[in-house]
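The values are calculated or read from the model by the stated rules, or taken from the named source; none is laboratory data. Keep in mind it's a predicted model, so treat the numbers as computed, not measured. FYI the Cβ positions are ideal-geometry reconstructions off the backbone, even for glycines, and counts take in every protein chain you see.
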Amino acid sequence: MANKIPRVPVREQDAKARAANFDEVCYGYDESEAVLEASRCLHCRNPRCVAACPVSVKIPEFIAAVASGDFVTASSVIAEDSSLPAVCGRVCPQETQCEGSCILGVKGEPVAIGKLERFVADWTRARGGRSVAKAPSNGFKVAVVGSGPAGLACSYDLAKAGYDVTIFEALHKPGGVLEYGIPEFRLPKEKVVAAEIADVKALGVKIETNVVVGRTVTVDSLLGKEGFSAVFIGSGAGLPRFMDIPGENLNGVFSANEFLTRNNLMDAYRDDYLTPVMHARKVVVVGGGNVAMDAARTALRLGGDVTVVYRRTEKELPARREEVHHAKEEGVRFMMLSNPVEIIGDDKGWVSRIRCIRMELGEPDESGRRSPVPVPGSEFEIDADSVIMALGTSPNPLIARTTSGLETNRRGCVVADEDGRTSRPGVFAGGDAVTGAATVILAMGAGRKAAAAIDSYIKSLQKD
Ligand SMILES: Cc1cc2nc3c(=O)[nH]c(=O)nc-3n(C[C@H](O)[C@H](O)[C@H](O)COP(=O)(O)OP(=O)(O)OC[C@H]3O[C@@H](n4cnc5c(N)ncnc54)[C@H](O)[C@@H]3O)c2cc1C
Ligand code: SF4
């Protein structure tokens, strides 16, 4: 299948300029670019793109509306299935989901579904936002733990169905990783994240910030004296992992989580801020996922000379291709097939060097990727005054420890079935808290499924 119109390129901020600012990299489509790109869609009878979308957005329908210039209809079609279109249009790994399955991609370039979704969401927001239909109140209260994409998507669907939803969020701002993890230059906080959360709140969802479930309240007390009929746990996987190598306690070593949270949530990149983050000269970022790319590009914008150290090859990098491409354009260096073995400090306890070892790829592991194996005697050192560990995260054990009858697995994730039901009746879970660190859209999909299961559960109580 081919299409005569080439994929419409998207305008971006110049790489050299953006390496020194936190403004958004991608400018998105304007109206005429969006209409032209939408005209490439073949409106397949069995659209593979929809089957590959974890929240089943009606992609051909919304694209048809864009192609005819009816952006209002396009927006309503997307709103039926997605609570965070401007977020998803920016950060979803479309290349492995909808666009990865688009029929046009077999012989050419897939339709730019993500950029079209982003266009529609931005166009709608610039004209006052969307209005979403909501059922009358049914009088049942549901508590949601965590305001990341899982909690927001679950709340959105429940509120539309007439539930009285309260989100309890540990941090002082809602949004989860969208707010504290993904940097401003990929996902603007006020313009996009806060605006899409406002749409969820417009459905009547209440968000109580600075409430740590497991401390301030517990899941048991929410289901008991607080009078909630069900609880959804969408508390994410915010606990960083380290390598357990010598020198990880030196000054100048950060988890990517701390580094990004201080910059994004606490504005620490601003010079006038009271607790600024270190502006390191030579930074080594360890890891190869989206988190590593975000940490590297943030450190670069703070003036650092940044090297990403990754133990496999570029082919295995788990980060989105677009992010790796942007990082390279901006000047981030990559050192593949290398792994740190020690961080070396100066006499004042600050990082001065990092010792690494060369790796080669051996047999495939359980993930199907070839395992990196150290090459004996190949150690080498790199100068560094800061090391950022971006090695993945696990769920915080607090909720599991303070909730009776809630089963977790050996990785500390809440055990839940496909629809989010946990071992405890009335308690549902989804997103990174269940899967471990994954993606925004998978978390949203899990939140939506759990909302449907919560609805059935509460209706079944009424029949008893
Ligand atoms: C730096 C970074 C970049 C990423 N980039 C991408 C990307 O480009 N594309 C993509 O698809 N995915 C990306 N991801 C992954 C994606 O953001 C996550 O998979 C997704 O946010 C998970 O959603 P969630 O709702 O399950 O959890 P989270 O977003 O982690 O939200 C959980 C929320 O629960 C709160 N919470 C935790 N414990 C409690 C408690 N006890 N009481 C009350 N509240 C609590 C937390 O404060 C947090 O706000 C990235 C992740 C990171 C860290
Ligand atoms: S698979 Fe591609 S061409 Fe077919 S409907 Fe989806 S976006 Fe359009």
**Report entry** Where a residue in segment 24-50 is on the phi < 0 side of the Ramachandran plot and its partner, wherever it lies, is more than 16 Å from ligand 1 (Cβ to nearest atom) and among the polar types (S, T, N, Q), with Cβ under 6 Å and at least six apart
**Finding:** 25/13; 40/3; 48/101; 49/101; 50/56
Query raised in the report: Picking from 253, 193, 205, which residue would you name as being more than 10 Å from ligand 1 (Cβ to nearest atom) and in the same structural domain as residue 295 (by TED's automatic domain parsing)?
Result: 253
Requested in this report: Go through segment 384-434 and count every residue that is farther than 30 Å from residue 462 by Cα, at pLDDT 95 or above and either in contact with an Asp or Glu (Cβ under 6 Å, 6 or more places away or on another chain) or among the β-branched types (Val, Ile, Thr) (or both).
Outcome: 2
Report task. Look at residue 304 and say whether it is buried (at least 23 other Cβ atoms within 10 Å of the Cβ) and more than 23 Å from the chain's Cα centre (by Cα). Result -> yes
Query raised in the report: So which residues in segment 140-171 are over 20 Å from residue 433 (Cα atoms) and either surrounded by fewer than 24 Cβ atoms within 10 Å (Cβ to Cβ) or among the hydroxyl-bearing types (Ser, Thr, Tyr) (or both), if there are any at all?
Result: 140, 141, 160, 161, 162, 163, 164
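Every residue, every condition in (1) within 30 Å of residue 298 (Cα to Cα); (2) within 16 Å of ligand 2 (Cβ to nearest atom); (3) assigned to a loop (DSSP other than H, G, I, E, B); (4) in contact with a Leu (Cβ under 8 Å, 6 or more places away or on another chain), yes or no:
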site	(1), (2), (3), (4)
185	yes, no, yes, no
193	yes, no, no, yes
196	yes, no, no, yes
199	yes, no, no, no
220	no, no, no, no
228	no, no, yes, yes
Requested in this report: Count, please, the residues in segment 302-316 that happen to be out of contact with any helix residue (DSSP H, G or I) (no Cβ under 6 Å at 6 or more places or on another chain) and either modelled with pLDDT of 95 or more or part of a loop (DSSP other than H, G, I, E, B) (or both).
Outcome: 10
